[in-house]
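Coordinate-derived values only; no laboratory data. Predicted model, so just to flag it, every value in this text is computed and none were measured. Here the Cβ positions follow ideal geometry from the backbone for every residue, glycine too, while neighbour counts run over all protein chains shown.
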Amino acid sequence: MVTSHAFQTDDTRLYPIHAKVIAGERLSANDAISLYRTGDILALGWLANLVRERMHGDNTYFNVNRHINPTNVCVAACRLCAFGRKKDALGAYTLALEEAFQTAASGYSEAVTEFHIVGGLHPDLPFQYFLDLIAGLKQRFPQVHLKAFTMVEVAYLSRRAKLSIRETLGQLKLAGVDSLPGGGAEIFAERVRHVICDHKIDGDQWLETARLAHEMGLKSNATMLYGHVENDEDRVDHLLKLRELQDQTGGFQTFIPLAFHPDNTPLQHLPKTSGMLDIKQIAVSRLVLDNFPHIKAYWQMMTAKIAQISLRFGADDLDGTVIEEKIYHDAGATTPQGMRRQELVRLIREAGRQPIERDTLYRPVLRTETSVTVAV
Ligand code: V47
């Protein structure tokens, strides 16, 4: 229900922002900086919750998904990452297509509606492997939405296949890719990218790939990795670039702030993010990204406890059952690698919200004892 109690704060910087939020006006870069700098998390949360409830009431979305990571072999060697391995390194793996299909089938009893498919930038795997992977999954699981390949992977595949980004996306779409996940965006600012992921495509290329995907009718998500060497200005720059592109394409569905996990990465000397920053990041995202329909709390990285609280600070989506998460767990996440559907529902209800199972395109999923249907 829409919050009715009065807004209160001692932080005078928040007064003009409050006025804008009430009037439904867009926030500026300076407003966003003030939001990051405030210590009044309750006032910030009040504002974000107002917008969240205006858009979604109590509705809180979740989906039943499975992650498939076909390979951890990666040429990029990003300092932020504990997942990627060089080809001959200990622990490097690449799933044969049959193994990937078996992985997809395991844990399938909960009627998964989405496969989230991302992996490393493998120097030798041909583009055809990825087309066969997608086509094979589509054939075996025709009702499952395939949310596959970050903008970074698409750009790398296009280089390897000597195709344009548009042609690459076209072939992936034809094979069965339904939408794209939001990974690989990190922080767009060049100075920061140089430290955390200097061999990846740059911010402009990430945004251009997303633009092309949207123009071709593929929806995508967007992420931001925070809590490493970036500052408030870098975060605001990232959010505003996403907001600008969304104004033009309308192709983003969900924004997912990702807290940096330093363990087992070359940046492991950095501290982990605090609960305060995690909550603040959700709230600022909700307020600045006024044209993004959804803000996702990814419990795997912020813990189920913080993710639950974030449902009162701007988030309207709790991701997900996530069977078998690997990227965060290689980086020291201590959360379980998956959560059962009833547990997600319980967390949402206990936050005083209304759980709505959705498919990847946010259509309600209706379940009975024996069937799963998507309301269109
Ligand atoms: O792109 C890698 C990040 C992302 C670390 O679209 C790390 O629905 C923290 O994008 N610490 C992959 N983060 C995850 C991702 C995602 C997750 C959930 C939902 C969706 C969606 C997308 O994880 C990578 C990178 O930004 N990452 N290593 C690390 N050590």
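Enter the angle in degrees (range 0 to 90, nearest 10) between the Cα long axis of helix 275-288 and the first principal axis of the Cα atoms of the chain, meaning the one along which they spread out most. So the inclination is approximately 90 degrees.
Of ARG37, ARG235, ARG13, the sequence from fewest to most neighbouring Cβ atoms within 10 angstrom is ARG37, ARG13, ARG235. As a rough footprinting exposure proxy, the listed residues THR303, THR113 were ranked by other beta carbons within 10 Å of their own, and the order from fewest upward is THR303, THR113. Note on the chain: with a GNM built from Cα contacts shorter than 10 Å, the maximum mean-square fluctuation among HIS214, HIS294, HIS261 falls on HIS214.
Straight-line cross-link partners of LYS162 among the aspartates and glutamates, defined as a Cα under 15 Å from its Cα and at least 8 positions apart when in the same chain: ASP124, GLU153.
Computed from the C-beta positions of GLN342 and LYS162 and an R0 of 56 Å, the FRET efficiency is 0.70 to the nearest 0.05. Panel order for GLU167, GLU153, by other beta carbons found within 10 Å of each beta carbon, from fewest to most: GLU167, GLU153.
If R0 is 30 Å, the Cβ-Cβ spacing of LEU42 and HIS199 corresponds to a FRET efficiency of close to 0.10. Among GLU25, GLU215, GLU186, the largest mean-square fluctuation in a Gaussian network model of the chain (Cα springs under 10 Å) belongs to GLU25.
On the beta carbon distance between ASP132 and ARG54, with R0 = 45 Å, the FRET formula returns roughly 0.50.
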